[in-house]
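Where a number appears in this text, it was derived from the coordinates with a stated rule and is not lab data. Fair warning: this is a prediction, and the values are worked out from it, not measured in the lab. No Cβ is skipped: glycine too gets one built from the backbone with ideal geometry, and neighbour counts run over all protein chains shown.
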Amino acid sequence: MKALVFREANAPLELSEIEVQTTDAAHVRVTLKAAALNHRDVWITKGLYPGIVPDVVVGSDGAGMLGDRAVIINPNVDWGPDSDYPNQKTYTIRGNPTHGTMAETILLHPDRLADKPAHLSMAEAAALPLAGLTAYRALFRKARLRAGEKVLINGIGGGVALFACQFAIAAGADVYVTSSAQEKIDKAIALGAKGGALYTEERWSKAFLKQFGGVDVVIDSAAGKGYGQLMRACNPRARIVNYGGTRGTAAMDPPSLFFKELEIYGSTMGSDEEFTAMVAFVNEHKIKPVIDTVFTLDQHADAFAHMAAGKQFGKIILKI
């Protein structure tokens, strides 16, 4: 079968013909129809993700067919028994070190599958698992979001940020966003956000507070030099959740932290229980993932270059 394989860091991924894994009594074979890219996939190609091994099919997100059943794939591998925290000795994410979704078929235990939401296409369904799960846990488990609260999502455009935007709006929150591009802010407003700010502007939080007031929840993946501005945009007792640190070490504003008694949480993916709850939430609210571009598996190099450029608004999909 055709599969996109990681061989070694800083080398091109190989679209190879590999041997089909043999099924056994504990696993089923899913014929994949679409897979989605995540920043994790780009970091793996650069050797910047822990625990990676060679000769593994990449990709965490996928949707396909098990016989006549349309399914999506839970990307968790061995989260462990505690829903609050993944088992640090066993937990990994599909796509390395275990074979991933950028292939014609995949062998999985049936408990890794959920029914595809009927209102989603295969491409939309493939966009959902990893980013949707990460956003769901950050908003509802960590930030304890309640209807009527104000949420600020930093760096709108990527998959998790957009799901956080859509989920928070569906939950009855008022959503605001930041970006380096006004075009992305405008697109978020078209989805239902109330407004936004350009984080490239010096001390943007001052104008934000004047125009919109403070926020109760911040969702962030950058943890960069603008972290203090996020803290200044917060109301007292606001909750800040970080699911990544793409900009390095956060430059905090300690007075905001202690005078406002802010709460800061880290969040990684989500448990199997949260995956089930996230899919149910998407079904209930008929949420449709935002798709930026659809490529074919043969166009994987263009897809990864597009992801690495960081200009996308929504998920990047590989049609299989």
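For V53 and E284, the difference between the fully extended length at 0.36 nm per residue and the C-alpha to C-alpha distance is 79.3 nm. Centre-to-centre, using Cα atoms only, segment 1-73 and segment 89-159 are separated by 15 Å. For I189 and S16, a Förster radius of 35 Å and the Cβ-Cβ distance give a FRET efficiency of 0.20, rounded to the nearest 0.05. Based on the Kirkwood approach, the hydrodynamic radius assigned to segment 135-266 is 14.1 Å, with every pair of different Cα atoms included.
For segment 1-75, the extents of the C-alpha atoms along the principal axes are 39, 24, 21 Å, listed from largest to smallest. Summed over qualifying helices (DSSP H, 4 residues or more, each -39500 (n - 2.57)) and divided by its residue number, the chain shows a 222 nm mean residue ellipticity of -7500 deg cm²/dmol.
One decimal place: the segment D84-E104 gains 3.8 nm when fully extended, by the rule 0.36 nm per residue minus the C-alpha distance. Place a point 7 Å from Cα of W43 in the direction of its Cβ. Which residues in segment 276-320 have their backbone N less than 19 Å from it? So the set is 304-312, 314-316.
Checking the cross-link pairs K150/K260; K194/K319; K33/K286; K46/K311 against a 26 Å limit on the alpha carbon distance flags K194/K319 as lying beyond it.
Note: relative contact order over segment 26-75, using C-alpha pairs below 8 Å and six or more positions apart, is 45 percent.
Using 1/(1 + (r/R0)^6) with R0 = 51 angstrom and r between the beta carbons of T200 and T296, what's the FRET efficiency to the nearest 0.05?
Step by step, r from the Cβ atoms, then E = 0.90.
Normalised by the number of residues in segment 135-266, the mean separation of alpha-carbon contacts (under 8 Å, six or more apart) gives a relative contact order of 23 percent. Counting other Cβ atoms within 10 Å as a rough exposure proxy, the listed residues L145, L13, L66 run L66, L13, L145 from fewest neighbours to most.
Cα-based values for the chain, radius of gyration first and Dmax second, are 19.4, 62 Å. A DSSP coil position with no more than 16 other Cβ atoms inside 10 Å describes the following trypsin sites (Lys or Arg not before Pro) in segment 196-235: R203, K225.
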